[in-house]
Amino acid sequence: MKDISLHILDVAQNSIAAGATRVEISVREKPWLDELEIAIEDNGNGMTDEALSRVEDPFYTTRTTRKVGLGIPLLKHSAEQAGGSFAIRSVPGKGTSLVAVFGRSHIDRPPVGDIAGVISSLAGMNPGMDFIYRHAAAAQGSTGEYVFDTREVKAVLGDIPLSEPAVILYLKELIEANTECAE
Amino acid sequence: MKKVKSLDDLKRMKEGLQANIALREKSEHPEAMTQIKVAMATCGIASGAKEVMDFFITNLAKRNIDAIVTQTGCMGYCYAEPTVEVRLPGQDPVVYGDVDVKKADEIIEKHIKEGELVDGIIPVNYETIDKKYSGGI
Ligand SMILES: Nc1ncnc2c1ncn2[C@@H]1O[C@H](COP(=O)(O)OP(=O)(O)OP(=O)(O)O)[C@@H](O)[C@H]1O
Ligand SMILES: [Mg+2]
(Lines give C-alpha, C1' and ligand atoms only; values in the text may rest on other atoms or scores of the structure.)
(Ligands and ions follow the chains in the order given, each with its own letter.)
Protein backbone atom coordinates (compact mmCIF):
# COMPACT_ATOMS: atom_id res chain seq x y z
CA MET A 1 0.00 0.00 0.00
CA LYS A 2 1.27 3.43 -0.96
CA ASP A 3 0.06 5.19 2.15
CA ILE A 4 -1.62 4.74 5.51
CA SER A 5 -5.02 5.99 4.32
CA LEU A 6 -5.17 3.07 1.86
CA HIS A 7 -4.50 0.61 4.69
CA ILE A 8 -7.40 2.20 6.57
CA LEU A 9 -9.68 1.94 3.53
CA ASP A 10 -8.69 -1.72 3.22
CA VAL A 11 -8.98 -2.75 6.86
CA ALA A 12 -12.34 -0.95 7.15
CA GLN A 13 -13.56 -3.41 4.50
CA ASN A 14 -13.14 -6.19 7.08
CA SER A 15 -15.46 -4.29 9.43
CA ILE A 16 -18.00 -3.85 6.65
CA ALA A 17 -17.77 -7.56 5.80
CA ALA A 18 -18.24 -8.37 9.50
CA GLY A 19 -21.62 -6.64 9.43
CA ALA A 20 -20.58 -3.69 11.57
CA THR A 21 -23.03 -0.82 11.84
CA ARG A 22 -20.48 1.48 13.42
CA VAL A 23 -16.79 1.89 12.70
CA GLU A 24 -14.58 4.24 14.69
CA ILE A 25 -11.31 5.26 13.12
CA SER A 26 -8.65 7.44 14.66
CA VAL A 27 -5.34 8.90 13.59
CA ARG A 28 -3.24 10.33 16.40
CA GLU A 29 0.08 12.01 16.11
CA LYS A 30 2.13 11.70 19.28
CA PRO A 31 5.31 13.62 18.62
CA TRP A 32 6.40 13.29 22.28
CA LEU A 33 6.65 9.53 21.65
CA ASP A 34 7.61 9.93 18.01
CA GLU A 35 4.54 7.86 17.15
CA LEU A 36 1.71 7.94 14.69
CA GLU A 37 -1.10 5.73 15.92
CA ILE A 38 -3.95 4.34 13.83
CA ALA A 39 -6.87 2.69 15.60
CA ILE A 40 -9.95 1.05 14.10
CA GLU A 41 -12.79 -0.34 16.14
CA ASP A 42 -16.01 -1.92 14.91
CA ASN A 43 -19.13 -3.49 16.35
CA GLY A 44 -19.21 -6.29 13.78
CA ASN A 45 -19.50 -9.99 14.51
CA GLY A 46 -15.92 -10.35 15.70
CA MET A 47 -13.66 -13.39 15.72
CA THR A 48 -13.11 -16.38 17.97
CA ASP A 49 -9.73 -16.72 19.71
CA GLU A 50 -8.89 -19.41 17.21
CA ALA A 51 -9.56 -17.15 14.22
CA LEU A 52 -7.83 -14.24 15.92
CA SER A 53 -4.66 -16.25 16.48
CA ARG A 54 -4.40 -16.83 12.76
CA VAL A 55 -5.42 -13.42 11.46
CA GLU A 56 -1.87 -12.09 11.17
CA ASP A 57 -1.03 -15.03 8.93
CA PRO A 58 -1.55 -14.30 5.21
CA PHE A 59 -2.72 -17.85 4.65
CA TYR A 60 -5.74 -17.25 6.81
CA THR A 61 -8.90 -15.88 5.27
CA THR A 62 -12.60 -16.62 5.41
CA ARG A 63 -13.08 -15.20 1.96
CA THR A 64 -14.07 -17.61 -0.77
CA THR A 65 -12.75 -15.79 -3.82
CA ARG A 66 -9.07 -16.31 -3.03
CA LYS A 67 -6.97 -18.36 -0.64
CA VAL A 68 -4.98 -15.68 1.09
CA GLY A 69 -6.03 -12.73 3.21
CA LEU A 70 -3.61 -9.86 2.86
CA GLY A 71 -5.15 -6.84 4.53
CA ILE A 72 -4.10 -7.43 8.14
CA PRO A 73 -0.63 -8.91 7.42
CA LEU A 74 0.17 -5.94 5.14
CA LEU A 75 -0.79 -3.37 7.77
CA LYS A 76 1.14 -5.21 10.49
CA HIS A 77 4.18 -5.45 8.25
CA SER A 78 3.99 -1.80 7.30
CA ALA A 79 3.79 -0.67 10.96
CA GLU A 80 6.64 -2.96 12.04
CA GLN A 81 8.82 -1.87 9.12
CA ALA A 82 8.43 1.68 10.40
CA GLY A 83 9.66 0.78 13.87
CA GLY A 84 6.15 0.39 15.26
CA SER A 85 3.82 -2.34 16.42
CA PHE A 86 0.49 -3.95 15.71
CA ALA A 87 -2.20 -5.42 17.96
CA ILE A 88 -5.68 -6.75 17.32
CA ARG A 89 -8.38 -7.83 19.75
CA SER A 90 -11.80 -9.27 19.08
CA VAL A 91 -14.84 -10.57 20.92
CA PRO A 92 -17.26 -12.79 18.98
CA GLY A 93 -20.60 -11.07 18.62
CA LYS A 94 -19.23 -7.80 19.99
CA GLY A 95 -16.62 -6.48 17.62
CA THR A 96 -13.00 -6.04 16.77
CA SER A 97 -10.42 -3.38 17.47
CA LEU A 98 -6.93 -2.95 16.17
CA VAL A 99 -4.10 -0.52 16.76
CA ALA A 100 -1.15 0.02 14.44
CA VAL A 101 1.65 2.24 15.66
CA PHE A 102 4.19 3.70 13.24
CA GLY A 103 7.46 5.42 14.09
CA ARG A 104 6.45 8.96 13.16
CA SER A 105 9.83 10.10 11.89
CA HIS A 106 10.93 6.64 10.73
CA ILE A 107 12.23 6.67 7.18
CA ASP A 108 9.97 3.74 6.25
CA ARG A 109 6.79 5.28 7.59
CA PRO A 110 4.39 5.66 4.68
CA PRO A 111 2.74 9.08 4.30
CA VAL A 112 -0.72 9.43 5.83
CA GLY A 113 -2.24 10.05 2.39
CA ASP A 114 -5.75 11.15 1.53
CA ILE A 115 -7.45 10.29 4.79
CA ALA A 116 -10.26 12.83 4.18
CA GLY A 117 -11.05 11.13 0.88
CA VAL A 118 -11.04 7.71 2.50
CA ILE A 119 -13.34 8.65 5.40
CA SER A 120 -15.80 10.60 3.23
CA SER A 121 -16.06 7.86 0.64
CA LEU A 122 -16.45 5.09 3.21
CA ALA A 123 -19.30 7.14 4.66
CA GLY A 124 -20.88 7.84 1.27
CA MET A 125 -20.59 4.34 -0.09
CA ASN A 126 -21.96 2.72 3.06
CA PRO A 127 -24.76 5.12 3.98
CA GLY A 128 -26.42 2.54 6.24
CA MET A 129 -23.39 2.50 8.54
CA ASP A 130 -21.96 5.10 10.88
CA PHE A 131 -18.37 6.20 10.74
CA ILE A 132 -16.69 8.22 13.43
CA TYR A 133 -13.30 9.68 12.68
CA ARG A 134 -11.01 11.26 15.25
CA HIS A 135 -7.89 13.11 14.35
CA ALA A 136 -5.36 14.42 16.82
CA ALA A 137 -2.79 16.53 15.03
CA ALA A 138 0.68 17.19 16.35
CA ALA A 139 0.69 20.91 15.64
CA GLN A 140 1.27 23.13 18.63
CA GLY A 141 -1.69 25.21 19.58
CA SER A 142 -3.94 22.80 17.79
CA THR A 143 -7.45 22.77 19.18
CA GLY A 144 -7.08 19.18 20.27
CA GLU A 145 -8.94 16.39 18.62
CA TYR A 146 -11.18 16.82 15.59
CA VAL A 147 -14.19 14.50 15.52
CA PHE A 148 -16.19 13.74 12.39
CA ASP A 149 -19.36 11.77 12.97
CA THR A 150 -21.76 10.63 10.24
CA ARG A 151 -24.61 10.65 12.76
CA GLU A 152 -24.30 14.45 12.93
CA VAL A 153 -24.09 14.65 9.15
CA LYS A 154 -27.23 12.55 8.75
CA ALA A 155 -29.09 14.76 11.23
CA VAL A 156 -28.31 17.78 9.03
CA LEU A 157 -29.02 16.01 5.74
CA GLY A 158 -32.45 14.69 6.70
CA ASP A 159 -33.79 12.79 3.71
CA ILE A 160 -30.84 13.53 1.44
CA PRO A 161 -28.72 10.37 1.20
CA LEU A 162 -25.05 10.46 2.13
CA SER A 163 -24.37 8.63 -1.11
CA GLU A 164 -24.94 11.80 -3.20
CA PRO A 165 -21.55 12.44 -4.85
CA ALA A 166 -21.84 16.17 -4.07
CA VAL A 167 -22.28 15.35 -0.37
CA ILE A 168 -19.23 13.05 -0.37
CA LEU A 169 -17.12 15.81 -1.94
CA TYR A 170 -18.36 18.30 0.61
CA LEU A 171 -17.51 15.98 3.50
CA LYS A 172 -14.05 15.44 2.09
CA GLU A 173 -13.44 19.20 2.10
CA LEU A 174 -14.85 19.47 5.59
CA ILE A 175 -12.49 16.83 6.98
CA GLU A 176 -9.55 18.25 5.05
CA ALA A 177 -10.17 21.72 6.40
CA ASN A 178 -10.28 20.43 9.94
CA THR A 179 -7.23 18.20 9.78
CA GLU A 180 -4.92 20.52 7.86
CA CYS A 181 -2.00 20.04 10.23
CA ALA A 182 -1.70 16.33 9.44
CA GLU A 183 1.89 15.05 9.09
CA MET B 1 -9.84 26.36 -3.10
CA LYS B 2 -12.23 27.81 -0.58
CA LYS B 3 -12.17 25.76 2.59
CA VAL B 4 -15.32 24.85 4.42
CA LYS B 5 -15.13 24.42 8.13
CA SER B 6 -18.41 23.28 9.55
CA LEU B 7 -21.65 21.48 8.89
CA ASP B 8 -23.38 24.89 8.55
CA ASP B 9 -22.29 24.99 4.92
CA LEU B 10 -23.94 21.63 4.44
CA LYS B 11 -27.23 23.10 5.68
CA ARG B 12 -26.89 25.78 3.02
CA MET B 13 -26.19 23.16 0.33
CA LYS B 14 -29.31 21.23 1.20
CA GLU B 15 -31.70 23.26 -0.95
CA GLY B 16 -29.74 22.65 -4.13
CA LEU B 17 -29.45 18.96 -3.36
CA GLN B 18 -33.14 18.67 -2.58
CA ALA B 19 -34.01 20.27 -5.91
CA ASN B 20 -31.85 17.72 -7.73
CA ILE B 21 -33.45 14.83 -5.92
CA ALA B 22 -36.97 16.15 -6.55
CA LEU B 23 -36.13 16.33 -10.26
CA ARG B 24 -34.97 12.72 -10.20
CA GLU B 25 -38.12 11.58 -8.47
CA LYS B 26 -40.23 13.06 -11.26
CA SER B 27 -38.26 11.15 -13.90
CA GLU B 28 -39.35 7.87 -15.48
CA HIS B 29 -37.45 5.52 -13.19
CA PRO B 30 -37.35 7.21 -9.84
CA GLU B 31 -36.23 4.10 -8.00
CA ALA B 32 -33.57 3.03 -10.44
CA MET B 33 -30.56 5.21 -10.80
CA THR B 34 -27.28 4.28 -12.38
CA GLN B 35 -25.05 2.42 -9.94
CA ILE B 36 -21.30 2.14 -10.13
CA LYS B 37 -19.76 -0.47 -7.87
CA VAL B 38 -16.05 -0.38 -7.24
CA ALA B 39 -14.42 -3.56 -5.93
CA MET B 40 -12.62 -2.69 -2.71
CA ALA B 41 -10.67 -5.72 -1.54
CA THR B 42 -6.98 -5.50 -0.76
CA CYS B 43 -6.06 -6.47 -4.31
CA GLY B 44 -8.28 -3.73 -5.74
CA ILE B 45 -7.10 -1.04 -3.36
CA ALA B 46 -3.45 -1.93 -3.92
CA SER B 47 -3.92 -1.59 -7.66
CA GLY B 48 -5.62 1.80 -7.70
CA ALA B 49 -9.31 1.31 -6.88
CA LYS B 50 -9.35 4.43 -4.71
CA GLU B 51 -8.21 6.71 -7.52
CA VAL B 52 -10.90 5.26 -9.75
CA MET B 53 -13.53 5.68 -7.04
CA ASP B 54 -12.42 9.30 -6.42
CA PHE B 55 -12.62 10.01 -10.14
CA PHE B 56 -16.18 8.69 -10.38
CA ILE B 57 -17.36 10.59 -7.29
CA THR B 58 -15.78 13.87 -8.39
CA ASN B 59 -16.89 13.68 -11.99
CA LEU B 60 -20.43 12.47 -11.40
CA ALA B 61 -20.86 15.50 -9.16
CA LYS B 62 -19.11 17.90 -11.57
CA ARG B 63 -20.90 16.68 -14.66
CA ASN B 64 -24.17 16.55 -12.76
CA ILE B 65 -24.82 12.92 -13.63
CA ASP B 66 -27.49 11.12 -11.70
CA ALA B 67 -25.61 8.10 -10.41
CA ILE B 68 -24.18 6.77 -7.20
CA VAL B 69 -20.95 5.03 -6.40
CA THR B 70 -21.02 2.08 -4.04
CA GLN B 71 -18.46 -0.52 -3.12
CA THR B 72 -18.23 -4.24 -2.98
CA GLY B 73 -15.67 -6.80 -1.84
CA CYS B 74 -13.44 -8.78 -4.14
CA MET B 75 -15.23 -10.00 -7.25
CA GLY B 76 -12.66 -12.73 -7.72
CA TYR B 77 -10.83 -11.04 -10.59
CA CYS B 78 -7.65 -10.13 -8.76
CA TYR B 79 -5.78 -10.29 -12.07
CA ALA B 80 -7.94 -7.52 -13.49
CA GLU B 81 -8.18 -5.06 -10.61
CA PRO B 82 -9.37 -2.39 -10.32
CA THR B 83 -12.72 -3.75 -11.41
CA VAL B 84 -15.95 -1.77 -11.66
CA GLU B 85 -19.52 -2.89 -12.16
CA VAL B 86 -21.83 -0.53 -14.02
CA ARG B 87 -25.56 -0.99 -13.85
CA LEU B 88 -27.86 1.27 -15.83
CA PRO B 89 -31.50 1.40 -14.70
CA GLY B 90 -33.39 -1.64 -15.95
CA GLN B 91 -30.31 -3.27 -17.49
CA ASP B 92 -27.99 -6.15 -16.62
CA PRO B 93 -24.79 -5.14 -14.88
CA VAL B 94 -21.52 -5.07 -16.79
CA VAL B 95 -18.08 -5.55 -15.19
CA TYR B 96 -15.01 -3.72 -16.47
CA GLY B 97 -11.47 -4.82 -15.58
CA ASP B 98 -8.19 -2.91 -15.32
CA VAL B 99 -10.04 0.34 -14.93
CA ASP B 100 -7.92 3.46 -14.65
CA VAL B 101 -8.91 7.11 -14.69
CA LYS B 102 -8.92 7.23 -18.49
CA LYS B 103 -11.17 4.18 -18.72
CA ALA B 104 -13.41 5.61 -16.02
CA ASP B 105 -13.83 8.78 -18.07
CA GLU B 106 -14.77 6.69 -21.11
CA ILE B 107 -17.27 4.72 -19.01
CA ILE B 108 -18.96 7.95 -17.89
CA GLU B 109 -19.03 9.54 -21.33
CA LYS B 110 -19.96 6.49 -23.44
CA HIS B 111 -21.57 3.85 -21.24
CA ILE B 112 -23.38 5.96 -18.68
CA LYS B 113 -24.30 8.92 -20.87
CA GLU B 114 -24.87 7.17 -24.21
CA GLY B 115 -25.59 3.58 -23.18
CA GLU B 116 -22.73 2.35 -25.40
CA LEU B 117 -20.47 -0.43 -24.09
CA VAL B 118 -16.77 0.34 -23.79
CA ASP B 119 -13.77 -2.03 -24.30
CA GLY B 120 -12.49 -3.94 -21.29
CA ILE B 121 -15.58 -5.86 -20.24
CA ILE B 122 -14.89 -9.04 -18.28
CA PRO B 123 -17.12 -11.78 -19.65
CA VAL B 124 -18.62 -13.52 -16.65
CA ASN B 125 -21.32 -15.92 -15.74
CA TYR B 126 -22.91 -14.09 -12.93
CA GLU B 127 -26.08 -12.24 -12.17
CA THR B 128 -24.72 -9.62 -9.89
CA ILE B 129 -21.56 -9.38 -7.90
CA ASP B 130 -23.47 -10.06 -4.71
CA LYS B 131 -24.84 -13.30 -6.07
CA LYS B 132 -21.61 -14.25 -7.73
CA TYR B 133 -21.36 -17.49 -9.59
CA SER B 134 -24.98 -18.24 -8.90
CA GLY B 135 -26.00 -18.02 -12.56
CA GLY B 136 -25.41 -20.52 -15.39
CA ILE B 137 -23.13 -19.94 -18.34
N1 LIG C 1 -12.88 -6.47 11.82
C2 LIG C 1 -13.03 -7.79 11.63
N3 LIG C 1 -14.14 -8.43 12.07
C4 LIG C 1 -14.32 -9.77 11.89
N5 LIG C 1 -13.43 -10.57 11.23
C6 LIG C 1 -12.30 -9.99 10.75
C7 LIG C 1 -12.03 -8.59 10.93
N8 LIG C 1 -10.82 -8.30 10.36
C9 LIG C 1 -10.38 -9.47 9.84
N10 LIG C 1 -11.26 -10.49 10.06
C11 LIG C 1 -11.09 -11.90 9.65
O12 LIG C 1 -9.73 -12.11 9.31
C13 LIG C 1 -9.59 -12.58 7.96
C14 LIG C 1 -8.34 -12.02 7.36
O15 LIG C 1 -8.43 -10.60 7.14
P16 LIG C 1 -7.52 -9.89 6.06
O17 LIG C 1 -7.94 -8.48 5.92
O18 LIG C 1 -6.09 -10.11 6.41
O19 LIG C 1 -7.79 -10.69 4.72
P20 LIG C 1 -9.17 -10.77 3.90
O21 LIG C 1 -10.06 -9.64 4.27
O22 LIG C 1 -9.68 -12.15 4.08
O23 LIG C 1 -8.68 -10.59 2.40
P24 LIG C 1 -8.05 -9.25 1.78
O25 LIG C 1 -7.91 -8.27 2.90
O26 LIG C 1 -6.74 -9.67 1.23
O27 LIG C 1 -9.00 -8.75 0.75
C28 LIG C 1 -10.88 -12.15 7.27
O29 LIG C 1 -11.18 -13.02 6.20
C30 LIG C 1 -11.91 -12.21 8.40
O31 LIG C 1 -12.39 -13.52 8.55
MG1 LIG D 1 -9.27 -7.60 4.40
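DSSP loop (so not H, G, I, E, B), at most 10 other Cβ within 10 Å: list which chymotrypsin sites (Phe, Trp or Tyr not before Pro) in region A:1-70 pass both filters.
A:PHE59
Suppose we keep just the DSSP beta bridges with both residues in region B:13-133; what percent of those would be antiparallel, to 5?
Roughly 55 percent of the DSSP beta bridges within region B:13-133 come out antiparallel.
Just the number, please: buried accessible area between B and A, total of both chains, 1.4 angstrom probe, nearest 100 square angstrom.
Counting both chains, the buried surface is close to 3500 Å².
Amide H neighbours of A:ASP130 under 5 Å, counting only residues 5+ apart in sequence or on other chains, H built in-plane at 1.01 Å?
A:ARG22, A:VAL23
What is the antiparallel percent of DSSP beta bridges lying wholly in the protein assembly as shown, to the nearest 5?
Percentage antiparallel, nearest 5: 75.
Past 32 Å, Cα to Cα: identify those pairs from A:LYS94/B:LYS11; B:LYS14/B:LYS113; B:LYS50/B:LYS113; A:LYS76/B:LYS110; A:LYS172/B:LYS103, in the order given.
A:LYS94/B:LYS11; A:LYS76/B:LYS110
So which residues in region B:49-73 end up with at least 30 square angstrom less accessible surface once the other protein chains are there, compared with the chain by itself, probe 1.4 angstrom?
Residues passing the criterion (a loss of at least 30 Å², heavy atoms only) are B:LYS50, B:MET53, B:ILE57, B:ALA61, B:ILE68, B:VAL69, B:GLN71.
With n ≥ 4 as the cut-off for DSSP H runs, can you work out [θ] at 222 nm for chain A, using -39500 (n - 2.57) per run divided by the number of residues, rounded to the nearest 500?
-10500 deg cm²/dmol
Extending each Cα 7 Å along its Cβ direction at A:HIS77 and A:ARG54, get the distance between those two points in nm, one decimal.
Once both label points are built, they end up 2.0 nm from each other.
What are the ³J(HN,Hα) values, in whole Hz, obtained from phi via the Karplus relation 6.51 cos²θ - 1.76 cosθ + 1.60 with θ = phi - 60°, for each residue of region B:43-50 in sequence order, with x given for Gly and Pro?
4, x, 5, 5, 9, x, 4, 5
From the Cα gyration tensor of region A:115-177, with a ≥ b ≥ c the square roots of its eigenvalues, which class applies: rounded if a/c is under 1.5, or else prolate if a/b is larger than b/c, or else oblate?
Because a/c hits 1.5 or more and a/b exceeds b/c, region A:115-177 counts as prolate.
Enumerate the calculated ³J(HN,Hα) couplings along region B:81-95 in order (Karplus 6.51 cos²θ - 1.76 cosθ + 1.60, θ = phi - 60°), each rounded to whole Hz, writing x wherever the residue is Gly or Pro.
5, x, 10, 9, 9, 10, 10, 7, x, x, 10, 6, x, 10, 10
What chymotrypsin sites (Phe, Trp or Tyr not before Pro) does region A:71-157 have in DSSP loop regions with at most 12 other beta carbons within 10 Å?
Sites meeting the loop and neighbour criteria: none at all.
How much accessible area per residue does the protein assembly as shown have, in Å², with a 1.4 Å probe?
47
Return the sequence-ordered ³J(HN,Hα) values of region A:147-158 in whole Hz as given by the Karplus equation 6.51 cos²θ - 1.76 cosθ + 1.60 applied to θ = phi - 60°, using x for Gly and Pro.
Couplings: 10, 10, 9, 5, 5, 5, 4, 5, 4, 6, 6, x Hz.
Would you mind getting me the FRET efficiency between A:ALA17 and B:GLN91? Use the beta-carbon distance for r and R0 = 25 Å, nearest 0.05.
So, using R0 = 25 Å, E works out to roughly 0.35.
With all protein chains present, how much of the accessible area of the protein assembly as shown (probe radius 1.4 Å) comes from carbon and sulfur, to the nearest whole percent?
51
The values are calculated or read from the model by the stated rules, or taken from the named source; none is laboratory data. Bear in mind the structure is a predicted one, so any value in this text is a computation, not a measurement. Quick reminder, even Gly has a Cβ in these numbers, built from the backbone with ideal geometry, and neighbours come from all protein chains shown. The accessibility values were calculated without ligands, DNA or RNA, using every heavy atom of the protein model including side chains. Shrake-Rupley method; radii C 1.70, N 1.55, O 1.52, S 1.80 Å.
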